[in-house]
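Asker: I'd like to ask you about the structure that follows.
The values are calculated or read from the model by the stated rules, or taken from the named source; none is laboratory data. Everything numeric in this text was worked out from a predicted model, so none of it was measured. Cβ placement follows ideal geometry from the backbone for every residue including glycine, while neighbour counts extend to all protein chains displayed.
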Amino acid sequence: MDHLARVRQEFTRQAERFASSAAITDDELTRRFSEAVGPDGTGTVLDVACGPGIISAALAAAAREIVAFDLTPQMLDKARQRCRKAGLTNVTFREGDATALPFADDFFDAVVTRLSIHHFKEPRAVVEEMFRVLKRGGTCVVADIVSSDSRDEAALHNALEIWRDPSHVRMLPRAELVSLITGADFAIEAQTTWDQARKLEEWLSIVDDPERVGPLRTVMRALATAGESAGMGLSLAGGEIGFVHRWHLIAARKKA
């Protein structure tokens, strides 16, 4: 199976639970992202890998137009439902591959993507496409979970994520994510990092696959019991396993 087919398969499976997950729909995450877009968010905005439309719907309140773009039809259906429920009429929906965006050069006032970079097999190609379709002087906002700076910790954390969801490719360490953005010739204007606490069972439930979840739960409990953080702050308290996803958000501008 090629990677795009794998992504479609996984997010078709996950669409219902992903769209309703409290950790994914968290208002604080959405607020941070919306504020980072700034004044360019009042124009025409492209949401790359929009998923169930959480950011598309949030930005639509101020934008002239939002284009919600995703590879997976079932995720776009969730995005449509979310926007319809909110009474939004300025959101359009497009299906496609983010490495070949079907839009003209210098078209959007802002281009955004959230929680997607670690699913791209060619993240540099995606960021370069985002740069291409953004107007000169326009805003790009990227937010994703990042790995530990320790190579061994990052490798273990990524392995656990891939076991849970094979469409996961690799979380980048923070410095590499920054380099990805600057390497596409964006000028970074602001960036911030924060930790989001997660509960193992909630995280596992999203993928809805008992054949993966059972063995992965056993391994992660053993790691937590042994005091192994796995680069994700694994902990065991009151019989419940928790961990942390570290987010990094970058607001950048296409040089005029």
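Asker: Report the residue count in the stretch 234-250 for those that are free of Cβ contacts under 8 Å to residues at least 12 places away in the same chain and either closer than 15 Å to Leu160 by Cβ or touching a strand residue (DSSP E or B) at 6+ places or on another chain (Cβ under 7 Å) (or both).
Answerer: Total meeting the criteria: 1.
Asker: Continuing with this model, one more query. If you check Thr139, Thr89, Thr99, which single one turns out to be assigned to a strand (DSSP E or B), at pLDDT 95 or above and of a type in the set (Val, Ile, Thr)?
Answerer: Thr139
Asker: Now for a separate question. Could you tell me whether any residue of the stretch 37-45 is crowded, with 23+ Cβ neighbours inside 10 Å and either within 13 Å of the chain's Cα centre (by Cα) or not in a helix (DSSP H, G or I) (or both)?
Answerer: Yes, the stretch 37-45 contains a residue that is crowded, with 23+ Cβ neighbours inside 10 Å and either within 13 Å of the chain's Cα centre (by Cα) or not in a helix (DSSP H, G or I) (or both).
Asker: Looking only at the stretch 109-128, filter to residues that are surrounded by 23 or more Cβ atoms within 10 Å (Cβ to Cβ) and within 21 Å of Arg32 (Cα to Cα); which one of those is nearest to the chain's Cα centre (by Cα)?
Answerer: Here the residue is Arg114.
Asker: Residues that are in a helix (DSSP H, G or I), hydroxyl-bearing (Ser, Thr, Tyr), without any contact (Cβ under 8 Å) to a residue 12 or more places away in the chain and surrounded by fewer than 17 Cβ atoms within 10 Å (Cβ to Cβ): does the stretch 159-181 have at least one?
Answerer: Scanning the stretch 159-181 turns up at least one residue that is in a helix (DSSP H, G or I), hydroxyl-bearing (Ser, Thr, Tyr), without any contact (Cβ under 8 Å) to a residue 12 or more places away in the chain and surrounded by fewer than 17 Cβ atoms within 10 Å (Cβ to Cβ).
Asker: Right, next: Tell me the residue from Cys50, Cys83 that is touching a strand residue (DSSP E or B) at 6+ places or on another chain (Cβ under 6 Å), in a loop (DSSP other than H, G, I, E, B) and within 20 Å of Ser21 (Cα to Cα), please.
Answerer: Cys50
Asker: Right, another one. Quick one: Lys199 ticks every box in (1) in contact with an Asp or Glu (Cβ under 9 Å, 6 or more places away or on another chain); (2) buried (at least 17 other Cβ atoms within 10 Å of the Cβ) bar one, so which box is it?
Answerer: Single failed check for Lys199: (2).
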